[in-house]
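Student: Dropping the structure in here first, questions after.
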Amino acid sequence: MLFMKVCLNKDHMIFNLFQKYSAVFSKFLNTLLIVVFIGLEELGLYAFLLASSNIFASIAGLGLRDIFVREFLKKKGKDNDQIYFVLFCEILIKISLILSSLIVLLIINFTNINFWHALSVIFLGIAETSSQMTSQKLRAIGHNTISQLCLNVRPIIVSLSLLVCYFVSSAFLQNYFIQIAVISYLLPAMFFYLYWLLKYKKLFSINLRYKEFNKNLRNFLPELPGLLALSIGNKATSRIDVIFVSSFLGMTAAGMYRLITQLVMIANASIYPIESYYKKKLAITIQSKDKFQSSQIMTKASFLGFIFYICILLPACLLFYVIPFEESIKYQDEFIISLIIVSLTGLVRSLVPLLNSYVVFINKVNKAGSILFIIVLISTMLHYFLVPIYGLVATALNVFAATLVWRIIAMRFL
């Protein structure tokens, strides 16, 4: 019986790894398809909108996704408390999404930001926030594989949409490319949210009273500053670089940078199934104050992250340079140096795959959020002054430094 259970867990991990890499391959395929079908500049615009929507989602999501599994597990055996907490999250996220969208629309009235681009950021941000939260909810009730699929299916749908639209009408794809991408993100977000509601029918068995909402809100508010700082900080360290490259160097340079980051992302994708597999176990060991087991889990996750990363990155880079594609770009010194630095950043991330979960589970969110916020603030200033002068290399170095410093501080001082 135990043997069967172990085999089943391994099968789930292998399938989660397979679906994650299918998604990552699709992301890279999307990058190639956009360059070939539409152009490098449009790839830069796509990267800019996705990066902006991720920042939007990190603010609108309030960091709730980071504590959802922890709080849900805390209330295990107390069905009413669990349902009240879930209902509280449902209401709070929707209020936050509405307010965040209104703020963005208000801002564009006083700036020269393209209205349709801003609207695309809002819809992509809503899809991202919904998908991230739905994934955590499904994971909390034991639907681990579906929770991964909720996030991984989106780039696959984008790939299929691009291919179908190109063969039906290349002119249509060129004219409505961004709209196609937005719809491809929104549809799976809606589908999996409905799936979650179907599986968690308990949500409809109770009405949230003001007393219970207020109780959950009072429990959440002390952690809100740290959660927001942590959420924005994590996204900013890996997204704000694209925004600065787009703003200072143009959309073509942003397209080049997107090629680099997506190549490394193929290898970094191993973090997600590893985190998914060990996250719940880490939560349980930390909750039971078993430091030895917690340390063992962190070490195993780090080792697996390193092995997967190296074994995938090297063949991916080799294949990229063997295939005749964008020869005028990939042999430029700036491109090669940036690729090496971004690869080192990916290695640092793969060595601590459970960092975010660890910070949340040891209840050091506010302290960690403050530290990360300061790092991001310094990184943002460096981006602002160095990117216009030194280009992509400055961007890559800045992200590497911020990623390395954050992980060293987090693991040594938290």
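Bear in mind that the values in this text are calculations on the coordinates, not laboratory data. A quick note: this is a predicted structure, and the numbers were derived from the prediction, not measured. Here the Cβ positions follow ideal geometry from the backbone for every residue, glycine too, while neighbour counts run over all protein chains shown.
Student: In a shell of Cβ-Cβ distance under 12 Å around residue 46, excluding residue 46 itself, what net charge do Lys and Arg (+1) and Asp and Glu (-1) give?
Tutor: 0
Student: A follow-up question, please. For the pairs 94/289; 20/367; 78/211; 76/215; 20/289, note any where the Cα-Cα span goes beyond 25 Å.
Tutor: 94/289; 20/367; 20/289
Student: Between residue 36 and residue 337, what's the calculated FRET efficiency when r is the beta-carbon distance and R0 is 35 Å? Round to 0.05.
Tutor: 0.90
Student: Moving on to the next point. How would you classify the stretch 38-189 from its alpha-carbon gyration tensor, with a ≥ b ≥ c the square roots of the eigenvalues: rounded for a/c under 1.5, else prolate if a/b is greater than b/c, otherwise oblate?
Tutor: It is oblate, given that a/c is not under 1.5 and a/b is not larger than b/c.
Student: Now for a different question. Within the set of other residues whose C-beta is less than 15 Å from the C-beta of residue 235, count the net charge using Lys and Arg as +1 and Asp and Glu as -1.
Tutor: Computed value for this residue: 0.
Student: Here is a further query. Cut-off under 18 Å on the C-alpha distance; same-chain residues fewer than 8 positions from residue 300 excluded. Which lysines are left, in chain and number order?
Tutor: Result set, ordered by chain and number: 10, 279, 280, 281, 291.
Student: Could you size up the charge dipole of the stretch 2-413 around its Cα centre, putting +1 on the beta carbon of Lys and Arg and -1 on that of Asp and Glu, and report it in debye to the nearest 20?
Tutor: 2060 debye
Student: Can you give me the relative contact order of the stretch 2-413 as a percent, contacts being Cα pairs under 8 Å and 6 or more apart?
Tutor: So the answer I get is 24 percent.
Student: Run down the aspartates and glutamates and flag those whose C-alpha is under 13 Å from the C-alpha of residue 201, throwing out any fewer than 8 positions away in its chain.
Tutor: The reachable aspartates and glutamates, counting only those whose Cα sits under 13 Å from residue 201, are 79.
Student: Still on this structure: Determine the shape class of the stretch 79-156: with a ≥ b ≥ c the square roots of the Cα gyration tensor eigenvalues, call it rounded for a/c under 1.5, and otherwise prolate if a/b is greater than b/c, oblate otherwise.
Tutor: Since a/c reaches 1.5 but b/c is at least a/b, the shape of the stretch 79-156 is classed as oblate.
Student: Calculate the spin-label point distance for residue 307 paired with residue 281, positioning each point 7 Å from the Cα along the beta-carbon direction, and give it in nanometres.
Tutor: So the two model labels end up 1.3 nm from each other.
Student: Among residues other than residue 253 whose Cβ falls under 13 Å from its Cβ, what is the net charge (Lys/Arg +1, Asp/Glu -1)?
Tutor: For residues surrounding residue 253, the net value is -2.
Student: Relative to the present Cα-Cα distance, how much length would full extension add between residue 218 and residue 110 at 0.36 nm per residue of separation?
Tutor: Here the answer is 35.4 nm.
Student: Using only Cα atoms, find the angle between the long axis of helix 170-199 and the longest principal axis of the chain, and express it within 0 to 90 degrees, rounded to the nearest 10.
Tutor: 10 degrees
Student: Could you sort 127-135, 292-300, 338-346, 227-235 so that the peptide with the highest average Cβ count within 10 Å comes first and the rest follow in order?
Tutor: 127-135, 227-235, 338-346, 292-300
Student: Assuming 0.36 nm per residue, please report the length gained on full extension of the stretch residue 78 to residue 370 beyond their Cα-Cα distance.
Tutor: Result for the pair: 101.8 nm of gain on full extension.
Student: In addition: Could you list 143, 383, 117 so that the one with the fewest beta carbons within 10 Å of its beta carbon is first and the one with the most is last?
Tutor: Ranked by crowding around the Cβ, least crowded first: 117, 143, 383.
Student: Now, a different point. Arranged by the count of other C-beta atoms within 10 angstrom, fewest first, what order do 251, 190 take?
Tutor: Least crowded to most crowded, the residues run 190, 251.
Student: Going by C-beta contacts inside 10 Å, put 261, 403 in order with the fewest on the left.
Tutor: Ranked by crowding around the Cβ, least crowded first: 403, 261.
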